[in-house]
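The values are calculated or read from the model by the stated rules, or taken from the named source; none is laboratory data. Everything quoted here is computed from the prediction, not taken from an experiment. Note that we place each Cβ from the backbone using ideal geometry, even for glycine, and neighbour counts take in every protein chain shown.
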Amino acid sequence: MTSSPFLNDIRRFMRTRGYSLSTEKTYVYWIRFFIRYQKLRHPKDMGAAEVVQFLGFLANDRHVSVNTQKLALNALAFLYNTYLESPLGDLGFQHANKPAKLPVVISSQEVGRILAVKNNRDRLISSLLFGSGLRISECLRLRIKDFDFSRRALTVHSGKGDKDRVTILSPSLQGNIEAAMASAIEIQTFRPRRFIPI
C-alpha cells in the first residue's frame with residue numbers, strides 16, 4: 001500500500017530528529033488510524049475535539065488497554081504539538097480504566113510438580129527463576145562470577161532498566177549449580193564462560 005505524502009513527510013521529520021524506527025512506525029500507525037477514523041480529513045482541519053473523540057472510540061468501541069490508548073495519545077500529541085506546531089492544550093481527557101485483576105500465582109507444591117518433569121538443565125533454570133526472582137533473559141546471561149555461595153547471593157547485571165542488582169541464592173541449588181559450572185567450563189574453554197550453555 002502506498003503511503004500518503006503527508007505520512008512520508010512525517011517519517012522524514014522524525015528521522016532527521018533521531019526518533020527510533022519503532023517509535024516512527026508506532027506514531028505513523030496511530031496517525032494513519034486517526035485520519036481514517038475521521039474520514040480522511042487533514043489533521044490541520046481538526047484539533048483537540050477530534051482527538052478526544054478518537055481516544056474515546058478506542059476505549060469504548062475497540063476496548064483497548066490503557067497503555068494502547070496512551071500510545072495513541074502520544075502519537076497524536078507529537079503530530080499536533082511537534083510536527084504541526086499546533087498544540088492541543090489540555091484535553092481534559094480521562095484514560096480508560098479497566099478493573100484490576102489479581103494475578104494467578106501457582107503454589108510451591110505446583111512448582112515442585114513442574115520441576116519434577118524437567119530435565120536437569122531446565123530444572124536448574126526454572127529453580128533460579130522461581131527462587132531468585134530472575135527473568136529468563138537474566139538467567140541465561142548469568143556468568144560463573146555472578147554466584148556468591150558464601151553470601152548466598154546472586155548478582156544480576158543489566159537487568160530491567162539496565163540496572164544491576166543482588167538477589168538471594170538458595171543453598172539447596174549449590175550442588176546443581178557447581179555441576180553446571182563444571183560443564184560450562186568444559187564446553188566453553190575458549191569462549192566467555194556463560195553459566196548455562198545455550
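Numbers at a glance
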{"item": "Number of the exception - N119 against (1) surrounded by 13 or more Cβ atoms within 10 Å (Cβ to Cβ); (2) over 26 Å from the mean Cα position of the chain (by Cα); (3) in the same structural domain as N176 (by TED's automatic domain parsing)", "result": "(1)"}
{"item": "Residue match in segment 35-42 (condition: free of Cβ contacts under 8 Å to residues at least 40 places away in the same chain, of a type outside the set (G, A, S), within 19 Å of P5 (Cα to Cα) and touching an Asp or Glu at 6+ places or on another chain (Cβ under 7 Å))", "result": "yes"}
{"item": "Check on V156, at pLDDT 85 or above, assigned by TED's automatic domain parsing to the domain that holds S126, farther than 20 Å from K118 by Cα and surrounded by fewer than 16 Cβ atoms within 10 Å (Cβ to Cβ)", "result": "no"}
{"item": "Filter result (of a type in the set (V, I, T) and in contact (Cβ under 8 Å) with a residue 40 or more places away in the chain) within segment 1-16", "result": "I10"}
{"item": "Unique match (being touching a Cys at 6+ places or on another chain (Cβ under 9 Å), on the phi < 0 side of the Ramachandran plot and modelled with pLDDT under 75) among F195, F190", "result": "F195"}
{"item": "Residue selected from segment 21-57 under the condition of a type in the set (S, T, Y) and surrounded by 10 or more Cβ atoms within 10 Å (Cβ to Cβ), by the criterion farthest from E85 (Cα to Cα)", "result": "Y37"}
{"item": "Conditions (1) aromatic (F, W, Y); (2) in contact (Cβ under 8 Å) with a residue 40 or more places away in the chain; (3) not in a helix (DSSP H, G or I); number of the one not met by Y19", "result": "(2)"}
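Residue by residue, here is whether (1) in contact with a Phe, Trp or Tyr (Cβ under 7 Å, 6 or more places away or on another chain); (2) closer than 22 Å to G89 by Cβ; (3) among the basic types (K, R) holds:
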| position | (1), (2), (3) |
| --- | --- |
| G18 | no, no, no |
| L21 | no, no, no |
| R32 | no, no, yes |
| K44 | no, yes, yes |
| Q53 | no, yes, no |
| A59 | no, yes, no |
